[in-house]
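So the structure is just underneath, and the comments pick up after that.
The values are calculated or read from the model by the stated rules, or taken from the named source; none is laboratory data. Please read all numbers here as calculations on a predicted model, not as lab measurements. Please note: Cβ atoms are built from the backbone with ideal geometry, for glycine as well, and neighbour counts cover all protein chains shown. The accessibility values were calculated without ligands, DNA or RNA, using every heavy atom of the protein model including side chains. Shrake-Rupley method; radii C 1.70, N 1.55, O 1.52, S 1.80 Å.
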Amino acid sequence: MGPEQRAAGVPYAGPGFDVPEADAFSRAYWDAAARGCLLVRRCRADGCGVAHHYPREFCPRCWSEDVVWEQASGRAALYTWSVVHRNDLPPFGGRVPYVAAVVDLAEGPRMMTEIVDCAEGDLRIGMALRVHFRRRGGQGGGQEQDASAFTVPVFRPA
């Protein structure tokens with residue numbers, strides 16, 4: 001597929017560097033994203049209770065292993081961002097320019113993500129955002145899980 005096709009909005013379907021590697025631990029996170037739910041981890045240790053993201057099997061504050069998955073509200077505020085104008089790794093080259101960002105989730109943790117559906121000039125620190133999910137691949141029908149299909153959380157203005 002040439003650049004003219006990507007520019008026309010044809011999704012990139014080849015191998016890419018945006019494919020998450022789900023393992024036994026993170027599978028719950030990626031499965032929830034495919035259903036349109038954002039998950040964070042929350043510590044249940046006495047005196048802690050901190051929510052964290054990226055998902056880990058222990059609390060990064062108190063090191064307790066008593067942590068559980070929790071559905072996040074999907075609300076966030078923009079902490080910082082950078083507009084990427086060049087990225088040669090597929091499929092990012094077909095998306096430029098795009099906004100790589102860090103957001104503060106309403107539950108407390110910071111999360112790296114992408115801002116979509118927002119003009120660069122409209123971005124403001126602290127602006128209210130809402131989670132949205134980008135699905136890639138999985139165009140084949142049938143009952144089998146398509147290994148190339150995945151869904152990632154991105155954010156757009158609230």
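Here are some residues: 124, 75, 135. Which one is touching a strand residue (DSSP E or B) at 6+ places or on another chain (Cβ under 9 Å), open to solvent by 60 Å² or more (accessible area, probe 1.4 Å), under 19 Å from residue 38 (Cβ atoms) and at pLDDT 95 or above?
Result of the check over 124, 75, 135: 75.
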Selection within region 32-81 - closer than 15 Å to residue 153 by Cβ and of a type in the set (Ser, Thr, Tyr) = 54, 73
List every residue pair whose Cβ atoms sit under 8 Å apart, with the two residues 6 or more apart in sequence or on different chains, where the first one lies in region 103-119 and is farther than 13 Å from residue 157 by Cα and open to solvent by 50 Å² or more (accessible area, probe 1.4 Å) and the second, anywhere, is part of a loop (DSSP other than H, G, I, E, B) and hydrophobic (A, V, I, L, M, F, W, C).
-> 106/72; 108/50
Go through the residues of region 34-54 one by one and say whether even a single one is at pLDDT below 95 and among the small types (Gly, Ala, Ser).
-> yes
In region 24-41, anything in contact with a strand residue (DSSP E or B) (Cβ under 7 Å, 6 or more places away or on another chain) and either touching a residue at least 60 places away in the same chain (Cβ under 8 Å) or not charged (D, E, K, R) (or both) is listed as 28, 29, 30, 32, 33, 34, 36, 37, 38, 39, 40
Residue satisfying all of: in region 82-96; in a loop (DSSP other than H, G, I, E, B) and not charged (D, E, K, R); farthest from residue 19 (Cα to Cα) among these | 85
Over region 19-65, the set of residues in contact with a helix residue (DSSP H, G or I) (Cβ under 8 Å, 6 or more places away or on another chain) and either within 20 Å of residue 76 (Cβ to Cβ) or open to solvent by 60 Å² or more (accessible area, probe 1.4 Å) (or both) is 20, 38, 39, 55
